[in-house]
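This report refers to the structure that appears directly beneath it.
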There are 4 protein chains.
Amino acid sequence: MTSSPALDLQKLVALNATAGLNRLAGFEVVAAGDGNAELRMQWNDDFTQYAGYLHAGMIAALLDTACGFAAATLVGGVMASHFSMNCLKPAVGRIFVAKGTTLRAGRKQIFARAELFAESEAGERSLVATGETLMVPTGA
Amino acid sequence: MTSSPALDLQKLVALNATAGLNRLAGFEVVAAGDGNAELRMQWNDDFTQYAGYLHAGMIAALLDTACGFAAATLVGGVMASHFSMNCLKPAVGRIFVAKGTTLRAGRKQIFARAELFAESEAGERSLVATGETLMVPTGA
Amino acid sequence: MTSSPALDLQKLVALNATAGLNRLAGFEVVAAGDGNAELRMQWNDDFTQYAGYLHAGMIAALLDTACGFAAATLVGGVMASHFSMNCLKPAVGRIFVAKGTTLRAGRKQIFARAELFAESEAGERSLVATGETLMVPTGA
Amino acid sequence: MTSSPALDLQKLVALNATAGLNRLAGFEVVAAGDGNAELRMQWNDDFTQYAGYLHAGMIAALLDTACGFAAATLVGGVMASHFSMNCLKPAVGRIFVAKGTTLRAGRKQIFARAELFAESEAGERSLVATGETLMVPTGA
């Protein structure tokens with residue numbers, strides 16, 4: 001139905017490098033395939049909100065990108081039309097890990113959700129936010 | 001009921017300057033009061049997604065911050081617990097304007113919503129995204 | 001591109017009468033046109049949650065239907081793919097009024113939002129919930 | 001910190017019976033405990049939207065109630081302040097099963113999410129919608 005090629009890890013690493021914010025914030029795609037994707041980002045003081053936690057916009061950026069890359073492993077390029085997130089705890093940590101998974105990839109719309117974990121200096125990981133994205137395929 | 005002081009424009013400008021991402025991306029608070037707030041941000045290639053539009057995370061950052069500052073004019077410091085947005089059109093433009101307005105400021109929860117406009121080189125303004133945030137007062 | 005005819009008030013009244021829940025709960029379409037629609041529902045003890053307020057599912061039903069009918073005035077039949085709402089206050093009243101308005105009607109997706117007002121016995125109206133729906137046109 | 005007793009299956013069955021809509025639509029609580037809850041509802045033509053599928057309001061009612069009962073097993077009575085859902089497929093089936101699970105139960109806010117499955121005449125089960133609710137404890 002569509003000629004849009006699904007993207008594998010190597011292609012997603014390349015795609016990630018073309019996005020200004022992903023590069024600036026140091027997003028790394030560490031796994032991708034079968035409707036799933038995993039991103040990482042090191043702590044960086046430049047991306048905080050006023051209380052010193054990771055900015056809600058960056059939480060959104062990680063969750064939304066994990067959803068988009070998860071979807072791209074099945075359908076290629078996508079554009080988000082709706083995004084929502086729950087901020088369960090203040091987002092602080094040495095490193096952030098976002099895991100996206102596709103719920104349903106329809107011809108017109110793709111639904112995915114993601115979880116954001118913060119890892120402390122001591123290596124303890126806790127769930128700090130959950131999000132979901134509704135996307136349309138771009139055919140690219 | 002609460003000793004938390006509402007924040008005026010001057011205090012919000014100062015608060016804005018303490019947030020890493022707001023500084024990095026050049027958010028400017030241009031109006032605030034009576035449950036409303038307005039933010040601006042100039043286009044910057046460092047904040048794009050892979051197709052060259054403003055990154056969804058930055059759309060979220062602008063909408064969420066506009067909601068938070070709108071709420072702060074009534075109740076002081078807040079933390080977002082839920083955020084959602086609709087991306088109506090690709091976000092491209094010379095400048096972005098986010099307008100937040102408080103829907104209800106309860107003792108335990110505050111509801112606000114925001115609209116994001118993109119202004120073209122020619123000065124035409126169009127609505128590119130809408131968002132809403134549910135916040136809890138921090139008492140700060 | 002689509003032959004799907006926009007629906008006017010008369011057609012929406014007829015459509016409303018074909019929906020089981022709308023009939024059971026007594027939804028009335030009282031205005032529709034130009035991307036907007038207004039619904040009403042009388043209080044009914046059968047539609048409450050455990051504390052005696054209008055059930056969240058009915059708040060959703062009113063908001064979502066107002067969004068859908070608002071969209072139908074522009075594009076004809078639609079199906080909701082995402083819905084969200086804020087419950088600002090307990091929903092109690094003699095009558096409920098839901099007002100939907102279309103934010104953007106694209107070829108693939110339509111965005112609308114709605115407000116739900118409760119009217120007391122004394123005729124005072126207050127905003128109890130806000131919602132938004134993302135829809136796809138069904139071509140019907 | 002709170003004297004609000006967590007509710008077990010027996011208490012939730014009783015609570016469910018006090019809610020007008022839950023009774024009218026025949027919601028059954030079939031499991032509850034440890035932050036999780038499961039609801040069932042038989043197909044009923046009175047609860048449809050215009051195309052003959054389960055009404056979005058009833059999808060919301062099932063998802064939101066599953067979230068609320070899941071939370072109640074940990075913190076007792078709650079009120080929803082935000083609810084959102086994705087409608088992945090048309091909701092048709094002989095029976096609907098909603099499974100709620102608590103993501104985080106804070107002192108001020110509780111986050112839960114739920115999945116709605118439709119079971120066909122042939123006994124095949126498919127995921128038709130996902131939802132999430134942000135609640136405040138009522139202390140009841």
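Can you name every residue in the stretch A:92-107 that is surrounded by 24 or more Cβ atoms within 10 Å (Cβ to Cβ) and either of a type in the set (A, V, I, L, M) or more than 20 Å from A:Gly26 (Cα to Cα) (or both)?
A:Ala98
Does A:Ala60 satisfy being closer than 18 Å to A:Ala129 by Cβ, assigned to a helix (DSSP H, G or I), facing chain B (nearest Cβ under 7 Å) and within 11 Å of the chain's Cα centre (by Cα)?
yes
Tally up the residues in the stretch C:108-140 that are touching a strand residue (DSSP E or B) at 6+ places or on another chain (Cβ under 8 Å) and either in a strand (DSSP E or B) or among the aliphatic types (A, V, I, L, M) (or both), please.
Qualifying residue count, the stretch C:108-140: 23.
Search the stretch B:66-89 for residues being away from chain A (no Cβ under 12 Å) and of a type in the set (A, V, I, L, M, F, W, C), and hand back the single one that is farthest from B:Asn36 (Cα to Cα).
Filtering the stretch B:66-89 for residues that are away from chain A (no Cβ under 12 Å) and of a type in the set (A, V, I, L, M, F, W, C), the one farthest from B:Asn36 (Cα to Cα) comes out as B:Val75.
If you go through the stretch D:32-53 one residue at a time, how many are under 15 Å from the mean Cα position of the chain (by Cα) and surrounded by 14 or more Cβ atoms within 10 Å (Cβ to Cβ)?
Adding up the residues that qualify gives 9.
Name the single residue that is nearest to D:Asn44 (Cα to Cα) among those in the stretch D:17-31 being surrounded by 18 or more Cβ atoms within 10 Å (Cβ to Cβ) and not polar (S, T, N, Q).
By that ranking, first place goes to D:Ala25.
Could you list, in sequence order, all residues of the stretch D:108-136 that are surrounded by 16 or more Cβ atoms within 10 Å (Cβ to Cβ) and either touching a Pro at 6+ places or on another chain (Cβ under 7 Å) or more than 10 Å from every other protein chain (Cβ to nearest Cβ) (or both)?
Residues satisfying the conditions are D:Ile110, D:Ala114, D:Leu116, D:Phe117, D:Ala118, D:Glu119.
In the stretch A:29-56, which residues are within 20 Å of B:Met85 (Cβ to Cβ) and among the hydroxyl-bearing types (Ser, Thr, Tyr)?
The answer is A:Tyr53, and nothing else.
Residue pairs, Cβ under 8 Å, 6 or more apart or interchain, first in the stretch B:115-137 and over 19 Å from C:Thr133 (Cβ atoms) and modelled with pLDDT of 95 or more, second acidic (Asp, Glu) and part of a strand (DSSP E or B). List them.
Taking only residues 6 or more apart or on different chains, the pairs are B:Arg125/B:Glu119.
Which residues, counting only those in the stretch A:4-16, are surrounded by 13 or more Cβ atoms within 10 Å (Cβ to Cβ) and either more than 12 Å from the chain's Cα centre (by Cα) or outside any helix (DSSP H, G or I) (or both)?
A:Ser4, A:Ala6, A:Leu7, A:Leu9, A:Lys11, A:Val13, A:Leu15
Examine the stretch B:90-107 for a residue that is at pLDDT 95 or above, within 13 Å of chain A (Cβ to nearest Cβ) and assigned to a helix (DSSP H, G or I), and state whether such a residue exists.
There is no residue in the stretch B:90-107 that is at pLDDT 95 or above, within 13 Å of chain A (Cβ to nearest Cβ) and assigned to a helix (DSSP H, G or I).
The values are calculated or read from the model by the stated rules, or taken from the named source; none is laboratory data. Small disclaimer: the values here were computed from a predicted structure and weren't measured. A quick note on method: Cβ atoms are made from the backbone with ideal geometry, for glycine too, and the neighbour counts reach across all protein chains shown.
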